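The values are calculated or read from the model by the stated rules, or taken from the named source; none is laboratory data. A quick note: this is a predicted structure, and the numbers were derived from the prediction, not measured. A quick note on method: Cβ atoms are made from the backbone with ideal geometry, for glycine too, and the neighbour counts reach across all protein chains shown. Please note that ligands, DNA and RNA were not included when accessible areas were found on the heavy atoms of the full protein model with its side chains. Shrake-Rupley method; radii C 1.70, N 1.55, O 1.52, S 1.80 Å.
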Amino acid sequence: MPGETKRTGDPMDGSLRGGTEDGPRDIMREREHPDMMVPPVTDSGTLPNLRFSFSDTHVKLCDGGWTREVTERELPVAKTISGVNMRLNPGETMTGVRELHWHLENEWAYMISGAARVTIIDLEGTMHVDDVPAGDLWFFPTGLPHSIQALADGCEFLLAFDDGAFSEEYTLLLSDFLAHIPPEVIAKNFGWSQEIVELLPKDELYIFPALTPGPLADDLPRGVEPGSGTPYTFHISQASPVDCPGGRVTVIDGSNFPITTISCAVVEVDPGGMRELHWHPNNDEWQFFLAGYARMTVFNTGSVARTFNYLAGDVGTVPRATGHYVENIGDTRMRYLALFASPQFQEVSLQQWLAKLPPALVKAHLNLPDDVIAKLKKDRQLVVAGTPRSER
Ligand code: MN
Ligand code: MN
């Protein structure tokens with residue numbers, strides 16, 4: 001190499017491939033993505049972009065909170081799911097409410113912080129009401145109208161819709177519906193006078209403050225006890241986390257949340273740990289990183305592989321059936337949601353497959369000694385353990 005000396009942050013690796021960088025540069029961003037600045041030597045060819053941060057989105061500010069979204073517009077490869085991050089404000093007397101609405105897509109949600117009261121009416125005309133605290137989920141099927149309102153402490157949540165082209169701008173709002181129906185039709189429908197019709201809002205409300213909800217029991221339909229739950233909400237205490245060598249995984253899919261057509265794995269990876277090499281036969285994976293620092297390599301046909309880094313607030317995506325791992329490269333626990341627009345969570349573990357093949361077949365492919373093949377783990381590991389980078 002002709003006279004280059006690596007400085008911190010330069011796109012140059014230990015063997016001095018690459019070179020120094022004079023800029024222009026955004027050095028903070030470059031340091032957040034070390035595996036893009038200095039990709040592993042195993043990276044090859046091109047893949048579509050597989051990362052987009054909610055921090056790079058346009059935020060819609062409202063009187064009662066805010067919302068932002070990562071759709072196919074931001075991350076074109078993500079065709080199966082789009083995501084919305086929404087905040088509804090706290091308050092002792094008024095809290096943020098997401099206006100009554102419905103939409104074509106199925107809606108799945110994960111409460112990140114705080115708690116909300118949600119309502120949904122089903123096709124039999126039964127109203128379902130529940131409170132959803134942090135870690136809990138809901139699923140609202142296509143076309144059924146629903147509401148979300150923060151309890152006194154406010155709330156923030158992730159919404160996922162089973163169409164990458166969905167946008168929060170494409171929902172059917174109560175106020176918008178009535179504002180676009182002739183007033184005499186509204187009067188006839190409800191048996192109202194024109195004076196009453198005049199009271200209706202002229203513009204959409206979307207996210208606005210409304211009286212803080214009282215005790216759940218006050219809003220429940222007659223005969224329903226608080227704590228009895230609904231088919232449309234899922235309390236994470238109902239799930240069974242799987243303890244793994246390097247973390248834990250909680251799957252919420254049609255097997256324990258029968259109404260959902262969107263499956264989810266809540267993945268926690270301890271420092272140094274790694275979601276094992278695997279792939280998903282049935283659908284693309286749409287990830288939302290909740291905490292920590294990760295890297296992921298995705299391998300596809302044509303000897304193509306590319307490595308990306310992920311921070312809290314990032315969205316990642318993995319095309320169906322492509323090989324990948326997700327490694328915790330930080331010093332704190334890394335957490336992410338893995339979502340699939342399919343009712344069942346499905347995966348193939350590379351290690352389990354190799355462990356259960358005839359050993360001679362594995363040896364013929366990988367040149368491994370018999371004792372190494374014999375020690376391959378026959379159970380899915382989900383998350384393997386490892387030494388944190390800071391201790392290596
Ligand atoms: Mn909705
Ligand atoms: Mn995966």
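At a glance:
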quantity: Where N is the number of residues in region 82-203, Cα Rg divided by 2.2 N^0.38 Å; calculated: 1.17
quantity: Cβ-derived FRET efficiency at R0 25 Å, residue 77 paired with residue 235, nearest 0.05; calculated: 0.15
quantity: Exposure rank, largest accessible area first [30, 124, 184; 1.4 Å]; calculated: 124, 184, 30
quantity: Cβ-Cβ FRET estimate between residue 28 and residue 184, R0 fixed at 45 Å, reported to 0.05; calculated: 0.15
quantity: Residue 16-residue 104 pseudo-label distance in nm [points 7 Å out on the Cα-to-Cβ vector]; calculated: 5.8
quantity: For region 184-295: accessible area per residue (Å², 1.4 Å); calculated: 50
quantity: Electrostatic dipole magnitude of region 80-234 [Cβ: Lys, Arg +1; Asp, Glu -1; Cα centre; debye, to 20]; calculated: 120
quantity: Whole-Å semi-axes of region 240-391's equivalent ellipsoid (Cα gyration tensor); calculated: 25, 19, 16
quantity: Part-to-part distance (alpha-carbon centres) for region 115-149 and region 269-342, which is given in Å; calculated: 30
quantity: Average accessible surface area per residue within region 5-148, 1.4 Å rolling probe, Å²; calculated: 46
quantity: Length-normalised contact order of region 39-156 in % [C-alpha pairs under 8 Å, at least 6 apart]; calculated: 26
quantity: Per-residue [θ]222 nm for the chain (sum of -39500 (n - 2.57) over DSSP H runs n ≥ 4, rounded to 500); calculated: -3000 deg cm²/dmol
quantity: Residues of type lysines that residue 377 reaches as a straight line, Cα spacing below 17 Å, ignoring anything fewer than 8 places off in the same chain; calculated: 356, 363
quantity: Largest-first ordering by accessible area, 1.4 Å probe, given options 334, 94; calculated: 94, 334
quantity: Sulfur and carbon atoms: percent of accessible area, region 80-234 [1.4 Å]; calculated: 59
quantity: Probe 1.4 Å - accessible area at residue 59, Å² to nearest ten; calculated: 50
quantity: Listed residues 89, 367, 256, most fluctuating in the chain (Gaussian network, C-alpha, under 10 Å); calculated: 367
quantity: Percent carbon-and-sulfur accessible area, region 240-391, ignoring ligands, DNA and RNA, probe 1.4 Å; calculated: 56
quantity: Relative contact order (percent, whole number), region 80-234, Cα cutoff 8 Å, 6+ residue spacing; calculated: 34
quantity: Taking the chain and dividing mean pair separation by its residue count, relative contact order in percent (alpha carbons under 8 Å, at least six apart); calculated: 17
quantity: For region 50-94, with +1 on Lys and Arg beta carbons and -1 on Asp and Glu, the positive-most of 65, 80, 53 along the dipole; calculated: 80
quantity: Calculated P(r) tail over 33 Å for the chain, as whole % of Cα pairs; calculated: 41
quantity: Solvent exposure ordering (accessible area, 1.4 Å, most first) of 29, 392; calculated: 392, 29
quantity: Gaussian network model of the chain, Cα within-10 Å springs - most flexible of 113, 303, 193; calculated: 193
quantity: Probe 1.4 Å - accessible area at residue 331, Å² to nearest ten; calculated: 110
quantity: In Å², nearest 10: area of residue 211 left accessible to a 1.4 Å probe; calculated: 130
